[in-house]
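The values are calculated or read from the model by the stated rules, or taken from the named source; none is laboratory data. Note that the structure is predicted; figures quoted are calculated from it, not measured. Ideal geometry is used to build each Cβ from the backbone, glycine not excepted, and the neighbour counts take in all protein chains shown. Just so you know, the surface numbers come from the protein's heavy atoms only, side chains and all, with ligands and any DNA or RNA stripped out. Shrake-Rupley method; radii C 1.70, N 1.55, O 1.52, S 1.80 Å.
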Amino acid sequence: MTDNPIKDTVIIGSGPAGYTAAIYAARANMNPEMYTGMQPGGQLTTTTEVENFPGYPEGIMGPEMMIEFQQQAERFGTKIHIDYITEVELAKNPGEIHKLKTGSGKEIQTRTVIISTGATAKYLGLEDEEKYLGSGVSACATCDGFFYKNSPVVVVGGGDTAAEEATYLSNICSKVYLLVRKDEMRASKVMQERVLNNPKIEVMFNHELIGMSGNMVVEKAHIINNLTNEKSELSVDGVFIAIGHKPNTEIFKGMLDMDETGYLITKGKTTKTNLPGVFAAGDVQDSIYRQAVTAAGTGCMAAMDAEKYVLEHFH
Ligand code: NDP
């Protein structure tokens with residue numbers, strides 16, 4: 001049990017969805033408490049310049065933008081804890097209290113929970129990926145494609161994300177190599193056809209990325225043909241890893257409805273999960289759009305849904 005008073009809302013995760021939920025919840029007098037997770041600021045802290053978030057005509061660096069989100073949330077009284085949630089005991093009936101446990105051993109009771117734990121882009125696990133992250137390596141074509149205008153790039157992956165990113169980049173870049181590790185793509189037929197019929201995209205089946213090189217930034221992608229073991233190089237400025245995302249939903253397994261990949265399922269045009277008083281916002285419930293601005297939009301929705309729930313069941 002805990003000595004802490006019961007909170008109106010606890011927000012788990014500190015990306016654009018979490019901070020926007022915090023701003024709205026704080027302004028609705030819900031005294032939100034945020035648990036930032038292991039990577040305060042979320043995925044945007046690993047990007048360089050963000051040029052597609054409205055309101056920043058000159059663009060803004062991802063980490064800087066997240067500090068501004070944080071400052072805005074704090075200005076209205078959000079209490080931010082640099083800590084993470086390790087365990088949850090979510091109530092099943094309306095009006096019941098949810099219990100959460102933190103990494104530092106604290107127990108929290110709350111009327112509502114807003115889950116904005118995001119998703120993590122999968123990487124191949126190459127040392128060079130870390131070395132060149134933000135200097136040629138990216139996991140988001142919509143975010144970073146523009147930096148490679150009229151330059152050659154490589155996309156790794158054979159699913160819908162890779163097909164979509166390759167197609168998107170073909171409108172910006174001079175040439176797109178698509179490395180598919182098997183002799184076929186997993187992407188839907190229509191996406192495959194789009195890629196295979198695009199004269200700017202060269203699909204290289206049975207090829208894998210094994211490293212990158214370049215002075216400070218990527219200049220070459222090192223690849224291998226996994227049938228012949230023949231190694232070669234591609235002169236490129238950008239490498240896009242598009243092998244999927246993993247939503248951060250481990251601690252909710254068995255309690256909340258998820259799709260087969262682990263994305264939380266929300267009801268209709270709301271942020272409601274299958275449990276009362278538990279709401280989901282941002283990439284943790286979105287495998288399609290995954291943008292900072294869409295995450296922020298659903299964060300706002302979650303705070304409004306949570307406020308309504310508290311008014312309905314606790315007043
Ligand atoms: P997927 O899991 O569908 O595909 C991942 C791809 O990456 C596969 O081709 C896989 O290869 C490849 N891959 C995985 N690991 C490696 C590795 N270590 N080295 C090389 N290649 C690797 O992920 P997506 O992100 O593409 O899609 C996720 C979900 O989102 C899917 O359900 C998809 O349909 C959906 N989606 C829908 C879109 C749309 O409708 N517009 C757009 C984007 C995604 P292999 O096949 O060999 O395992």
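For this structure, a couple of remarks:
- Measuring nothing but how far apart in sequence close Cα pairs (under 8 Å, 6+ apart) lie, relative to its length, the stretch 1-121 scores a relative contact order of 35 percent.
- Spin-label pair Glu74/Ser174, simplified geometry with 7 Å Cα→Cβ offset, distance in nm: 4.5 nm
- Using Cβ point charges alone (K and R +1, D and E -1), the dipole size of the stretch 123-241 about the Cα centre works out to roughly 280 debye.
- Order by protection proxy (mean Cβ within 10 Å, highest first), peptides 223-232, 240-249: 240-249, 223-232
- Within the stretch 252-315, chymotrypsin sites (Phe, Trp or Tyr not before Pro) in DSSP loop having at most 13 other beta-carbon neighbours inside 10 Å: Tyr289
- Principal axis dimensions, the chain - Cα atoms, whole angstrom, descending: 66, 39, 34
- Averaged over its residues, the stretch 28-107 has an accessible area of 56 Å² per residue, based on protein heavy atoms and a 1.4 Å probe.
- Annotation: lysines with alpha-carbon distance below 19 angstrom to Lys269 (same-chain offsets under eight excluded): Lys308.
- If you plug the beta carbon distance of Glu58 and Glu87 into 1/(1 + (r/R0)^6) with R0 = 41 Å, you get a FRET efficiency near 0.45.
- Portion, in percent, of the accessible area of the chain that falls on carbon or sulfur, probe 1.4 Å: 49 percent
- Taking 19 Å as the straight-line reach from the Cα of Lys149, the aspartates and glutamates in range (excluding those fewer than 8 positions away in the same chain) are Glu49, Glu51, Glu58, Glu164, Glu165, Glu202, Glu219, Asp237.
- Remark: relative contact order (the stretch 123-241) = 31 percent; criterion is Cα-Cα distance under 8 angstrom and separation of 6 or more residues.
- Neighbourhood charge, 13 Å Cβ-Cβ cut-off, centred on Arg75 and excluding it, Lys, Arg +1 and Asp, Glu -1: 0
- Accessible area per residue for the stretch 123-241, computed on protein heavy atoms with a 1.4 Å probe, is 52 Å².
- Full extension of the chain segment joining Lys149 with Lys131 gains 4.3 nm, where the gain is 0.36 nm per residue of separation less the Cα-Cα distance.
- Cα-based equivalent ellipsoid of the stretch 202-263: semi-axis lengths in Å, sorted from largest, via gyration tensor: 35, 16, 9
- Heavy-atom accessible area ranking, 1.4 Å probe, most first, across Arg181, Arg186, Arg194: Arg186, Arg181, Arg194
- Helix-only CD estimate at 222 nm, as mean residue ellipticity for the chain, using -39500 (n - 2.57) per DSSP H run (n ≥ 4): -7500 deg cm²/dmol
- Tensor-based shape of the stretch 123-241 (alpha-carbon gyration tensor, a/c under 1.5 rounded, otherwise prolate or oblate): oblate
- The chain, dipole about Cα centre (Lys/Arg Cβ +1, Asp/Glu Cβ -1), debye to the nearest 20: 580 debye
- When the Cα positions of Gly268, Thr161, Ile80 are compared along the charge dipole of the chain, Gly268 comes out farthest toward the positive end, with charges on each C-beta of Lys, Arg, Asp and Glu.
- Length-normalised contact order of the stretch 216-312 in % [C-alpha pairs under 8 Å, at least 6 apart]: 17 percent
- Placed amide H near Lys246: partners under 5 Å, 5+ positions off or other chain: Thr120, Ala121, Lys122
- Loop-located GluC sites (Glu not before Pro) in the stretch 64-101 (DSSP state not H, G, I, E or B) with no more than 16 neighbouring Cβ atoms inside 10 Å: Glu96.
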